[in-house]
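Please read the structure below before turning to the comments.
Values quoted throughout were computed directly from the atomic coordinates according to the rules given, and no laboratory measurement underlies them. The model shown is predicted, which means the values in this text are computed figures rather than measured ones. We place every Cβ from the backbone using ideal geometry, glycine too, and count neighbours over all the protein chains shown.
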Amino acid sequence: MKFYEGCTALITGASSGLGAEFARQLAPVARGLVLVARREDRLEALREELLELQPSLQVEIYGADLAVEEQRTRLAGWLGERAIGIDFLINNAGLGDHGHFDSSDWGRVRAMIDVNIGALTHLTHLLLPSMLRSGRAAILNVSSVASFFPLPNMAVYSATKAYVTSLTEALAIELRPKGITVTALCPGPVPTEFFDVARRGEDATAHYETMGPVVVTPAVAVRTGLDAVARDRARVVPGLLLAVSVGVALVVPFFVTREILRLFSKKL
Ligand SMILES: NC(=O)c1ccc[n+]([C@@H]2O[C@H](COP(=O)([O-])OP(=O)(O)OC[C@H]3O[C@@H](n4cnc5c(N)ncnc54)[C@H](OP(=O)(O)O)[C@@H]3O)[C@@H](O)[C@H]2O)c1
């Protein structure tokens, strides 16, 4: 955790799941944390928990709907007014939608694109100039294993995460010579509120219990992501079993992958 000593991190989606876990793991070493999400009561409770753990930590909370462009711009302005320099941006906020595209709700689809793609890209664009001026900074984009495969039943979600991994890989090359580390954390299933949000009604397939040995805890997923940033890796998949499976799947010709996905989709 030496890499993070004295850092000031902004964590989107800090009100639950991986975002809250990032805050807990960074709290003992960071100088400051800015916690962003819509549910401010959750952020306030997390702030109290973190300050008990580390009384010297500076914890700011900021309530925002990151699907809305003006709210993202306002967040950047608020950071500027308070002279809060972010040297570690964790673009973690995201949501999924489990089910067929033809029966999806447009509002949900729109929110997925606006948060998973729009907020991540826009916040990176807004904060990058000051990160570049500081000369040493890091960006961690929370993507997904879904970014490697066009998953039926999560078609838009996996497409948004393909964007995230692709953008991250390109920015990692562009920004490394300028002192910025950019990493995509690509978890498989992690028990958080993710599927409570993604599930449509009583869908028994969208539960972590059905997903077998590739499930990793939030603590492991977050630790893997932080280690990867510290080692300047462009992407990482938490969990050995999943990492090996993805490695194998990515060398299989795509027509084989497509047939596997077709079979897989019939079970869901
Ligand atoms: N859990 C998994 O199985 C899994 C697997 C692969 C990748 N991921 C990725 O991991 C990231 C974190 O998800 P999680 O598993 O921790 O799920 P989670 O517990 O549902 O957390 C999602 C977070 O995103 C925030 N968020 C959603 N929409 C937002 C909006 N419009 N404005 C601001 N914040 C918003 C939520 O905060 P509010 O609701 O308070 O706004 C919440 O803090 C996501 O990018 C997800 O795609 C998760």
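So here's what we get for this one:
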read-out: Whole-Hz ³J(HN,Hα) from phi, Karplus 6.51 cos²θ - 1.76 cosθ + 1.60, for the stretch 126-139, glycine and proline x; value: 5, 8, 4, x, 6, 5, 5, 5, 6, x, 8, 7, 9, 10
read-out: Diffusion coefficient, µm² s⁻¹, Stokes-Einstein with Kirkwood Rh over alpha-carbon pairs of the chain at 37 °C and 0.692 mPa s; value: 174 µm²/s
read-out: Low-density loop positions, trypsin sites (Lys or Arg not before Pro), the stretch 221-251 - DSSP coil, at most 11 other Cβ in 10 Å; value: R231
read-out: Whole-Å distance, taken between Cα centres, linking the stretch 211-268 and the stretch 1-35; value: 24 Å
read-out: Per-residue ³J(HN,Hα) for the stretch 68-73, Karplus 6.51 cos²θ - 1.76 cosθ + 1.60, θ = phi - 60°, Hz, x for Gly and Pro; value: 9, 4, 4, 5, 5, 5
read-out: Kirkwood hydrodynamic radius of the stretch 35-170, from inverse mean 1/r over distinct Cα pairs, in Å; value: 16.3 Å
read-out: Peptides 32-39, 149-156 ordered by average Cβ neighbours within 10 Å, highest first; value: 32-39, 149-156
read-out: Where GluC sites (Glu not before Pro) in DSSP loops with at most 14 other Cβ within 10 Å are excluded, longest remaining stretch of the chain; value: 6-192
read-out: For the stretch 1-92: Kirkwood Rh in Å [reciprocal of mean 1/r, alpha carbons]; value: 13.0 Å
read-out: The stretch 93-99 - phi-based ³J(HN,Hα) in whole Hz, Karplus 6.51/-1.76/1.60, Gly and Pro as x; value: 3, x, 8, x, 8, 9, x
read-out: Amide hydrogen neighbours beyond the local backbone of T181, cut-off 5 Å, H modeled; value: A137, A138, I139
read-out: Spacing of the two label points (7 Å from each Cα toward its C-beta) at T73 and V251, in nm; value: 4.9 nm
read-out: Cα→Cβ-extended label distance, 7 Å offset, between M1 and A83, nm; value: 2.8 nm
read-out: Label-point gap, in nm, between R39 and D196 - each point 7 angstrom along Cα→Cβ; value: 0.6 nm
